[in-house]
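A.B. asks: Take this structure, written in structure tokens, and hold onto it; I'll ask about it next.
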Amino acid sequence: MSMAPGPGILAAFEAAKGFMPVDEGLALYAAAAGAARLGLPLLEVGTYCGRSTILLADAARAAGVTALTVDHHRGSEEQQPGWDYHDPETVDAELGLMDTLPTFRRTLHRAGLEDHVVALVGRSPQIAALWNSPLSLVFVDGGHTDEHATADYEGWAPHVTDGGLLVIHDVFPDPVDELTGQAPYRVYVRALASGAFTEVSATGSLRVLRRTGAGI
Ligand code: SAH
Ligand code: MG
């Protein structure tokens with residue numbers, strides 16, 4: 001199986017709204033393509049408009065598994081009106097609230113990947129509390145407060161199967177580089193300290209860890 005997405009997929013990724021540069025996207029794709037061979041679903045926390053979902057979906061398609069993606073679609077703190085990462089196109093004019101679900105659905109449809117993705121719309125801890133089956137990969141790219149990043153780790157990392165991958169985005173070890181806080185970095189440190197995960201690769205702010213031990 002190829003460890004790089006096809007040209008159409010990469011073009012769709014680059015055209016999609018979102019927060020992931022190409023080098024990190026390629027690393028995410030390679031991780032997903034490898035993990036999906038375990039024959040279990042892949043799960044993302046933080047769909048936004050589907051940019052990274054495209055890559056997980058294409059890796060899932062190639063392996064015959066499903067990509068799951070979790071988001072309440074109301075945006076993180078730093079994406080709200082008046083903040084640095086706000087995009088006015090993501091606001092539902094009728095409600096005056098962010099709603100990234102319509103853009104996500106268009107993005108996925110245009111990429112021809114709708115059949116390979118199940119979107120879970122809701123708060124990550126609420127969905128995690130209902131979840132009870134193993135996953136080949138968990139990609140944590142949700143809220144950047146300690147409360148959210150910690151809840152994502154505690155809620156989803158236990159479901160990563162033996163030999164499966166935990167991928168964390170926006171890991172900035174140096175506070176100077178931090179854009180939206182260091183909570184993802186603290187989660188990364190905690191995952192390694194747990195003894196359950198071993199680092200496989202680092203690309204930009206993307207860290208790929210493999211489950212090599214029990215517990216979290
Ligand atoms: N993966 C995306 C970027 C995700 S941005 C890309 O590649 O472009 C982070 C997303 O996490 C936002 O869409 C926000 O709505 C979502 N989010 C933040 N906290 C959340 C929570 N507690 N539950 C569900 N979604 C959350
Ligand atoms: Mg991110």
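A.B. asks: Hey, among the residues in segment 113-137 that are in contact with a Gly (Cβ under 8 Å, 6 or more places away or on another chain) and under 17 Å from residue 57 (Cβ atoms), which one's farthest from ligand 2 (Cβ to nearest atom)?
C.D. replies: This residue is 136.
A.B. asks: For residue 24, indicate whether it is more than 16 Å from the chain's Cα centre (by Cα) and either in a strand (DSSP E or B) or near ligand 1 (Cβ under 10 Å from one of its atoms) (or both).
C.D. replies: No, not satisfied.
A.B. asks: Can you tell me which residue within segment 156-181, out of those that are touching a Pro at 6+ places or on another chain (Cβ under 6 Å) and in a loop (DSSP other than H, G, I, E, B), is nearest to ligand 2 (Cβ to nearest atom)?
C.D. replies: 170
A.B. asks: Additional query: Find all pairs meeting these conditions: Cβ atoms under 6 angstrom apart; at least six residues apart or on different chains; first residue within segment 137-150 and in contact (Cβ under 8 Å) with a residue 60 or more places away in the chain; second residue among the polar types (S, T, N, Q) and part of a loop (DSSP other than H, G, I, E, B).
C.D. replies: 143/76; 144/180
A.B. asks: Oh, and also: Which of the residues that make up segment 83-110 are farther than 12 Å from residue 16 by Cα and open to solvent by 80 Å² or more (accessible area, probe 1.4 Å)?
C.D. replies: Answer for segment 83-110, where residues must be farther than 12 Å from residue 16 by Cα and open to solvent by 80 Å² or more (accessible area, probe 1.4 Å): 83, 84, 88, 89, 93, 94, 95, 97.
The values are calculated or read from the model by the stated rules, or taken from the named source; none is laboratory data. Everything numeric in this text was worked out from a predicted model, so none of it was measured. With ideal geometry, Cβ positions are generated from the backbone for all residues, glycine too; neighbour counts draw on all protein chains shown. Remember, those area values only see protein heavy atoms, side chains included, never the ligands or the DNA or RNA. Shrake-Rupley method; radii C 1.70, N 1.55, O 1.52, S 1.80 Å.
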